């Protein structure tokens with residue numbers, strides 16, 4: 001029974017923790033502009049993140065060591081540094097965007113300017129990362145993030161033409177006035193949002209934090225193969241509410257407030273209460289995950305003591321990196337950069353960094369020195385190789401499409 | 001105050017790097033872009049006003065959405081206004097577009113005030129007017145090549 005609850009809790013937190021500011025922005029924006037014609041990208045992204053999260057979780061459970069720890073050892077310091085630089089830059093950008101997202105969620109609840117909230121949010125995130133236990137952090141925000149299911153309820157309440165939605169999703173086509181370049185630019189953004197590099201670093205480092213062993217592989221796989229796809233369904237529900245409400249009126253979604261309007265229209269103030277809780281939990285939880293991921297990556301690369309499973313003073317350099325990252329994130333946001341714009345760039349640059357993140361995981365997961373009998377099988381390798389090709393294409397195409405379309409204008 | 005996504009470009013334009021549109025087609029393209037952005041802004045504000053009138057969203061939520069819409073429209077109008085028309089033949093287009101953008105901007109300012117005053121009657125009227133001006137802007141955009 002205890003194991004059942006552990007699995008159920010893991011799945012629920014995986015669902016609630018799946019959506020972050022990148023998923024919110026990308027799915028809302030794409031739903032409003034392209035209807036459901038990019039839903040296939042979310043599905044491709046979900047399968048991809050499942051493949052690599054399972055690999056990185058398996059590596060953590062079997063070897064007892066996190067991804068970056070092994071990448072540097074297995075591929076050498078130079079390749080490790082390249083991997084670290086690319087992933088770190090994107091994760092720091094994502095961390096900054098998440099802090100901005102929390103401030104925007106608080107603005108919606110209070111109508112107080114988000115730039116007044118940003119320093120408060122930065123301090124709160126750092127305090128949580130310093131003081132709160134890992135399991136509490138993961139479970140509390142993961143479960144609260146389930147409030148975003150309100151998007152699915154709102155979709156049902158809006159009473160859409162389900163067959164038209166299915167038609168739009170199953171037979172993707174270009175909406176009038178949109179070019180192929182813009183369509184594929186947003187496809188890459190959506191893919192980058194679903195496969196953000198920090199998710200695998202956090203997942204594997206979290207496995208070490210929680211002391212996973214080979215006995216926990218079943219629980220880990222349940223989290224990945226049930227929790228992540230259900231989280232992906234949540235992403236599709238967000239896109240669908242935007243598609244139903246905004247697409248027919250030619251409204252483009254640029255803010256969190258606009259994204260949540262269909263929930264208010266469908267469910268009233270109670271829906272808005274759940275929505276705000278979901279926005280806050282999703283962005284705050286992801287801010288904690290990305291903040292920790294920055295610390296994990298650097299500390300694991302340099303071989304420092306890391307993690308929340310030891311007293312903060314025993315992992316002083318790890319916590320210093322987290323603190324400095326928070327200061328940088330808050331500083332960038334206080335230049336009055338738009339957090340939503342930052343999010344859009346972070347998910348596109350995520351796509352650029354994907355091969356550097358996922359190739360080393362595939363290598364390490366195949367190394368029997370670390371993995372023994374739990375090294376990748378034929379299915380994992382086939383899917384991993386296919387996805388490396390896909391992320392390679394996305395990475396190469398992302399910047400040219402960004403320039404060509406003026407960032408999707 | 002949140003800077004809109006194309007604020008850096010607008011700043012460059014407003015800082016003096018203003019050039020006439022290359023030709024009539026480019027100028028009309030600018031006009032269509034400005035009108036389409038403004039249509040989206042006006043319609044989302046109308047949705048928020050409707051939701052507030054029917055007590056579906058909180059005051060803070062409505063205030064945030066309407067204020068964001070107003071803040072988004074200002075740079076749209078400014079960045080269109082500073083581009084010199086390539087010839088006299090598009091002066092009427094410039095006037096029409098600027099009039100529509102100005103009307104939408106005035107309505108959004110009134111909407112912000114109505115929301116903060118919790119003036120339900122005014123919010124309902126303004127939602128209708130915003131939808132009307134959005135339709136006008138959409139029709140104007142459709143007349144352009």
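The values are calculated or read from the model by the stated rules, or taken from the named source; none is laboratory data. This one's a predicted model, so the numbers in the text were calculated from it and none came from an experiment. Ideal geometry is used to build each Cβ from the backbone, glycine not excepted, and the neighbour counts take in all protein chains shown.
Look at residue A:193 and say whether it is closer than 22 Å to residue A:390 by Cβ, within 16 Å of the chain's Cα centre (by Cα) and in contact (Cβ under 8 Å) with a residue 12 or more places away in the chain. When the stated conditions are applied, residue A:193 passes them.
Answer yes or no: is there a residue in the stretch A:278-292 that is within 13 Å of chain B (Cβ to nearest Cβ) and in contact (Cβ under 8 Å) with a residue 12 or more places away in the chain. Yes, the stretch A:278-292 contains a residue that is within 13 Å of chain B (Cβ to nearest Cβ) and in contact (Cβ under 8 Å) with a residue 12 or more places away in the chain. Inspection of the stretch A:239-260 finds a residue satisfying the criterion of being assigned to a helix (DSSP H, G or I), free of Cβ contacts under 8 Å to residues at least 24 places away in the same chain and more than 28 Å from residue A:395 (Cβ to Cβ). Regarding residue A:275, is this residue within 13 Å of chain B (Cβ to nearest Cβ) and within 21 Å of the chain's Cα centre (by Cα)? Yes, satisfied.
Give the stretch A:304-348 a look and list any residue that's away from every other protein chain (no Cβ under 14 Å) and in a loop (DSSP other than H, G, I, E, B), or say none. Those that are away from every other protein chain (no Cβ under 14 Å) and in a loop (DSSP other than H, G, I, E, B): A:304, A:305, A:306, A:307, A:308, A:309, A:310, A:311. Checking each residue in the stretch A:368-409 for being assigned to a loop (DSSP other than H, G, I, E, B) and either within 14 Å of chain B (Cβ to nearest Cβ) or at pLDDT below 90 (or both) picks out A:405, A:406, A:407, A:408, A:409.
Evaluate the stretch A:94-115: report whether one residue or more is part of a loop (DSSP other than H, G, I, E, B) and away from chain B (no Cβ under 13 Å). Among the residues of the stretch A:94-115, not one is part of a loop (DSSP other than H, G, I, E, B) and away from chain B (no Cβ under 13 Å), which makes the answer no. Taking the stretch B:24-37 as the range and being under 8 Å from the mean Cα position of the chain (by Cα) and within 11 Å of another protein chain (Cβ to nearest Cβ) as the test, the residues that pass are B:35, B:37.
The residues of the stretch A:212-228 that are assigned to a helix (DSSP H, G or I) and either farther than 15 Å from residue A:202 by Cα or more than 18 Å from the chain's Cα centre (by Cα) (or both), listed by number, are A:214, A:215, A:216, A:217, A:218, A:219, A:221, A:222, A:225, A:226, A:227.
Out of all the residues in the stretch A:130-152, which are surrounded by 23 or more Cβ atoms within 10 Å (Cβ to Cβ) and either more than 14 Å from chain B (Cβ to nearest Cβ) or more than 30 Å from residue B:62 (Cβ to Cβ) (or both)?
To start, the set of residues in the stretch A:130-152 that are surrounded by 23 or more Cβ atoms within 10 Å (Cβ to Cβ) comprises A:138, A:141-142, A:145, A:148, A:150-151.
Scanning the stretch A:130-152 gives A:138, A:141, A:142, A:145, A:148, A:151.
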